[in-house]
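One structure is given below, encoded as structure tokens.
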Amino acid sequence: MKLNKRWLRNYLTLKNVFTLIIPLFIAILITMLYNLSISVSHLSKSLINEKSRDAHSSITGKFQPITDLLKSTGSWKYDDKADILNATDLNKRFIPILNNSDQISSMLIASTNGTEYMLLERNGKWVNRITSQSGGTLKSIRMLWEYQTFREDKLLDKWNDSVKYDPRKRPWFRGAVAQDAPGKVHWTAPYTFFTTGEPGITISLYSFSEKGDTIITAFDILLKDINTISQSLKLTANGMAFILGEDFRVLGLPSVKRFTVKDSVDRYTLKNIDDLNIHELSTAFKEWTSNGKISTPFELKIDHKNWWVGFEPVVSDNNQTIFYIAILVPESDFLAEMNRTRLIIVFGFLLVLTLTILVIRAHNQVQKVNLQLAEKNKLIGEQNVAIAKKNKEITDSINYAKRIQVAILPAMEKISGLVSSHFVLFMPKDIVSGDYYWIEESENIKLFAAVDCTGHGVPGAFVSMVGYGGLNSAVKEHKLNEPDLILRHLNETITETFLQKSASEVRDGMDIVICALDTEKMRLHCSGAKNPIYLIRRNELPLIVDDSETEPVIKTNEASLYALKGDRFGVEPRTTIIPFTRKKLNVMPGDQVYLFSDGFADQFGGPENKKLTYQRFKEILLNTATLDMEMQKQQLQDYFISWKGNNEQTDDVLVLGLRI
């Protein structure tokens, strides 16, 4: 029988639909309240798991940045084990790192013959312990330094250390060399530090020097703040949370009156569980260990009272257990929690019922609202016209910003005055660009750079203005002409601008390569932040970089292309300024140097719509190296446009070519 459509429309009004739904809501409410009354076990386990995850996240958030910093520091290369005894050079690297980390008490670098470098801060001064072999035995000296930014550190005192010490007997040393691969982080059990007497944990790893010596790098981490994690967990009224070491000694205390007094942390940290005299914790720990250290929460009767208990391990990246999170909650607390949940459900239902009544009333006003829509549509049309006008004004402003950006870029006459044979291929993706080039001269040193700022368009252009000012400040105000020092100054400028003076953290920065050319001595110094430098030379003489012969990455019968890699990190806001490296090489007439951003190699296109890639970019440069620089530019531009085809340009494009 065919259903009458008009009757269906009349019956299925909003009011009738809600009349059907309300009884269904009531049935669901009754079912939820019934299920809640039988879900004590589920609620107990869920709460313990949730709070364990909270503590786990807090611990990970506290220690992960330190382990990442250790991996970065441990990857630095040393020529051999003797390098770790050079306190002057190592202090320049590591004092800024410790100066910006409250949790790192000290750091150590040691080798398998017992030599060691140790650095720690005491009362605003810096202390070294240098341990070395002397006559077949290990001897240590201490040095006291005053750290001075941008100047040589001042040695205040130096004396022999009478305490016999061998780093190879320390747990952090043994643990690191026992790892099955370099770069894996080892965590010691909590202990009292040999040097300072403070409780903490040492993380360490091993790596190899250029000559194959085993080098161990370690950070001593203070545990003074870990107690705040366990005491910040919001449990039930009588619940308790503890953080234990992998040897089950106590590190974090619960938020109860007995353990919140001033000296409680000093009294109970690194104590055994039974030393706390908490019967519930001792009983739960024995039950947990006797049941094979189960990973799920379990129920336990203690003194005729039901408790729910959970022990959650915290493991490192290489699956080493470093902490345990212990949570104990009496079941009686959950009953009060269930009553609160019932009230929430009932009030929620009443809220839904109230909203339903309001919706029905609102339905009666829909027709009135519809009559007003036509008038609003007219208003919207007028607003669209205003928006179009505003868009034109914005576009005009951006075009004016482009003229400003072009005006601050070095004029071709200035570049020609410094290097006669050159080209600049500059193709912004949008009206304004996040890429820019920079040319300057300081004390007969010709400086030139290619910079790729975060993003493109207006955001990239804003970052480029900050970067351009930082480069000019380094040369004109601070009289710097070494690339690595200029990059350090630029990094400090970016950090001050985007991190220290911003109400919210900004992570914008730039990838940059900068060169300093001395045409009288025919020397080239260069530094890169992520970006490399390419150099093409005729196959007459090898390329010597930092006194070592460098192999070309691609060559023809006439010439070879060399790639000088930059540092793996860019110029970006950071609390710890990491020094940049500088490469030094001799150049000869006819050498061609290329600085560039990633826009050329990252362009999508070609027959399979893939990236152009750096390999093709190198081949184009090498194949056109015999042409004059202007023809090279034209060849690069033609190839790029052909490869891009109908695709949108992926990024700003910048290639700076110089022939010496």
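Worth a mention:
- Translational diffusion coefficient of region 411-491 (Stokes-Einstein, Kirkwood radius from Cα pairs, 25 °C, 0.890 mPa s): 182 µm²/s.
- A P(r) calculated from all alpha carbon pairs of region 155-286, with 10 Å bins opening at zero, reads 11, 32, 27, 19, 9, 2, 0 percent.
- Prolate/oblate/rounded label for region 571-613 (Cα gyration tensor, a/c 1.5): oblate
- Taking other residues whose beta carbon is less than 15 angstrom from the beta carbon of T67, and scoring Lys, Arg as +1 and Asp, Glu as -1, yields 0.
- Karplus-based coupling profile of region 567-580, in residue order and whole Hz: 5, 7, 10, x, 8, 7, x, 8, 6, 10, 7, 8, x, 8, with θ = phi - 60° in 6.51 cos²θ - 1.76 cosθ + 1.60 and x standing for Gly or Pro.
- All Cα-Cα distances of region 141-198, cut into 5 Å bins from zero to the largest, leave 4, 13, 15, 16, 13, 16, 17, 6, 0 percent in each bin in turn.
- Amide hydrogen proximity for S105: with H placed 1.01 Å from N in the peptide plane, the residues at 5 or more positions away or on another chain lying under 5 Å are D220, I221, L222.
- Net charge of Cβ neighbours under 13 Å - reference E443; Lys, Arg +1; Asp, Glu -1: -1
- If the convex hull is drawn through the Cα atoms of region 174-237, its volume per residue in Å³: 126
- Long pairs among K77/K164; K184/K211; K479/K530; K611/K633, criterion Cα-Cα beyond 23 Å: K77/K164; K479/K530
- Charge tally around F580: other residues with Cβ under 14 Å, Lys/Arg +1 each, Asp/Glu -1 each, net +4.
- Here, region 477-605 yields an orientationally averaged convex hull projection of 10.6 nm² when only Cα atoms define the hull.
- Residue-by-residue Karplus 3J(HN,Hα) for region 518-526, coefficients 6.51, -1.76, 1.60, Hz, glycine and proline x: 9, 6, 6, 8, 6, 10, 10, 10, 8
- Comparing region 96-231 with the 2.2 N^0.38 Å rule of thumb, its C-alpha radius of gyration ratio is 1.10 (two decimals).
- The value obtained for the chain, namely the Cα convex hull volume divided by the number of residues, is 286 Å³ per residue.
- For I554, the residues whose amide H sits under 5 Å from its own are L561, ignoring neighbours fewer than 5 places away on the same chain, with H placed 1.01 Å from N.
- With loop membership from DSSP and a limit of 15 other Cβ atoms within 10 Å, the longest segment of the chain without GluC sites (Glu not before Pro) is 211-442.
- In Å, descending, principal axis extents of the Cα set of region 526-660: 47, 46, 24
- Net dipole in debye of region 161-278 [+1 Lys, Arg Cβ; -1 Asp, Glu Cβ; about Cα centre; nearest 20]: 260
- The base-10 log of I(q)/I(0) for region 449-489, evaluated at q = 0.14, 0.22, 0.27 Å⁻¹, reads -0.33, -0.69, -0.89 [Debye formula, identical scatterers on Cα atoms, solvent excluded].
- The coefficient of translational diffusion for region 236-328, derived via Stokes-Einstein from the alpha carbon Kirkwood radius under 20 °C and 1.002 mPa s, stands at 155 µm²/s.
- About its Cα centre, the dipole of the chain is roughly 2520 debye, where the only charges are +1 on Lys and Arg Cβ and -1 on Asp and Glu Cβ.
- Amide H contacts of G183: Y206, each under 5 Å away and 5 or more positions distant or on a separate chain (H built 1.01 Å from N in the peptide plane; Pro and chain starts excluded).
- Max-minus-min Cα coordinates of region 84-129 on each principal axis give 31, 20, 16 Å, with the largest extent listed first.
- Candidate aspartates and glutamates - alpha carbon under 14 Å from K169, same-chain residues fewer than 8 apart omitted: E116
- When only Cα pairs below 8 angstrom with a gap of at least 6 residues are kept, the chain shows a relative contact order of 10 percent.
- Per residue, the solvent-accessible area of the chain (1.4 Å probe, heavy atoms of protein chains only, all protein chains present) comes to 52 Å².
- Within a straight-line Cα-Cα reach of under 23 Å, K45 can be paired with the following lysines, leaving aside sequence neighbours fewer than 8 residues apart in one chain: K234, K286, K293, K301, K305.
- For the Cα trace of region 46-147, dividing Rg by the Kirkwood Rh returns an Rg/Rh value of 1.12.
- Karplus-derived 3J(HN,Hα), 6.51/-1.76/1.60, for each residue of region 323-334, Hz, glycine and proline x: 9, 10, 9, 10, 10, 10, 9, x, 4, 4, 5, 6
- Helical content of the chain, expressed as a calculated mean residue ellipticity at 222 nm, amounts to -12500 deg cm²/dmol (DSSP H runs of 4 or more residues, -39,500 (n - 2.57) each, divided by residue number, nearest 500).
- Residues of type lysines that K158 reaches as a straight line, Cα spacing below 17 Å, ignoring anything fewer than 8 places off in the same chain: K125, K139
- Subtracting the Cα-Cα distance of Q634 and V163 from 0.36 nm times their residue separation leaves 162.5 nm of extension gain.
- With R₀ fixed at 30 Å, the C-beta to C-beta distance from D546 to K479 puts the FRET efficiency at about 0.75.
- Pair N113, E608: separation of 7 Å Cα→Cβ label points (nm): 5.2
The values are calculated or read from the model by the stated rules, or taken from the named source; none is laboratory data. This structure is a prediction, so every number in the text was calculated from the model and none was measured. Here the Cβ is made from the backbone with ideal geometry for all residues, glycine too, and neighbour counts use every protein chain on show. Just so you know, the surface numbers come from the protein's heavy atoms only, side chains and all, with ligands and any DNA or RNA stripped out. Shrake-Rupley method; radii C 1.70, N 1.55, O 1.52, S 1.80 Å.
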